[in-house]
Amino acid sequence: MGYSLIMYRFATTSVVVLVLSVLTPIQTAQSTELEIEFSKLLVANETPAGYDRNLFRHWIDADRDGCNARLEVLIAEAVVAPTIGANCKLTGGKWISLFDNQEVTNASLLDVDHFVPLAEAWRSGANMWSGQRRMAFANDLDLTETLIAVSRASNRSKSDNDVANWLPPNQDYRCTYLVAWVKVKVKWDLRVDATERSTLENKLMDCGELSRKTSPKFSPVANGASPNLQPTLVRYQNCNMAKAAGVTPIRRSVNSALYNANQHLDRDKDGVACE
Ligand SMILES: [Ca+2]
Ligand SMILES: [Ca+2]
């Protein structure tokens, strides 16, 4: 993007310049790894419609060793290894449930928690994923933060909350929890809602993980995260994506810039796309 083009756009539409500036990552030399990760988070409103837990196929046995992803996590996180019997039945073993700092010696009393809950993932962008990608997320053994073995009681109190509404009762673990939340959201390119972002930012500053506040970056499909920055530049591939972004119907009379960018979706050319 040349300087002259930026100036030209500034002269015509300051909104475009604002969008470009928030989308351009500005890193300083002394940014920590977490600050760089945090800066990748994009803000968007949540898109809860249509969630069904069954849309995320989970507990598959990807390596076909008889132990599904849930059991793999239990085996990996045990502080005293359990005995692995036929059909991957676990006996013995010991775990520490980090959410509530409880010692658990019976695997059946543990839940394997999706760190970013499936419902929270859905409303943070997974609603636009393929079934294959949702399955990969729900069984992710590569980023160890994505799945965690915790006491049932703590997992159930967490439910599908994000960090704005629930933090683990174990105070000593909270900073680690917040850092892991950022890692999982960034790895899976999931959005954060505005409240969630400010909660993360404030608490991670308290934790000493972030040194300063930074301006949020809005997702190109953010619906209303900031009305001025929003859809001007977004050309949606299809009406489903526009709908998921919460911008439909797109009316020429209401938002001509957005309409012009999405004229291809107005099949009957009546000035309203995706009605
Ligand atoms: Ca396996
Ligand atoms: Ca959220």
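We did not get these values from a lab; they are worked out from the coordinates using the rules stated. These numbers were taken from a predicted model, which means no experiment stands behind them. All Cβ positions, even for glycine, are placed from backbone atoms using ideal geometry, and neighbour counts span all protein chains on display.
If we count every other residue with Cβ under 11 angstrom of Lys183's Cβ, Lys/Arg +1 and Asp/Glu -1, where does the sum land?
Net charge in that neighbourhood comes out at 0.
Where a ≥ b ≥ c are the square roots of the eigenvalues of the C-alpha gyration tensor, would you call the stretch 86-152 rounded, which needs a/c under 1.5, or, failing that, prolate if a/b is larger than b/c, or oblate?
Prolate is the answer for the stretch 86-152, as a/c is 1.5 or above and a/b outweighs b/c.
Count the net charge of all other residues whose Cβ sits under 15 Å from the Cβ of Pro48, scoring Lys and Arg as +1 and Asp and Glu as -1.
So the surrounding residues net to -3.
Neighbour counts of other C-beta atoms within 10 Å: give me Arg252, Arg53 arranged from fewest to most.
Exposure proxy ranking, most exposed first: Arg53, Arg252.
Which lysines, on any chain, are close to Lys185 with Cα under 26 Å apart, when same-chain ones fewer than 8 places away are left out?
Lys40, Lys158, Lys203, Lys213, Lys217, Lys243
Would you mind counting up the charge near Asp270? Only other residues with Cβ under 14 Å from its Cβ, with Lys and Arg at +1 and Asp and Glu at -1.
+1
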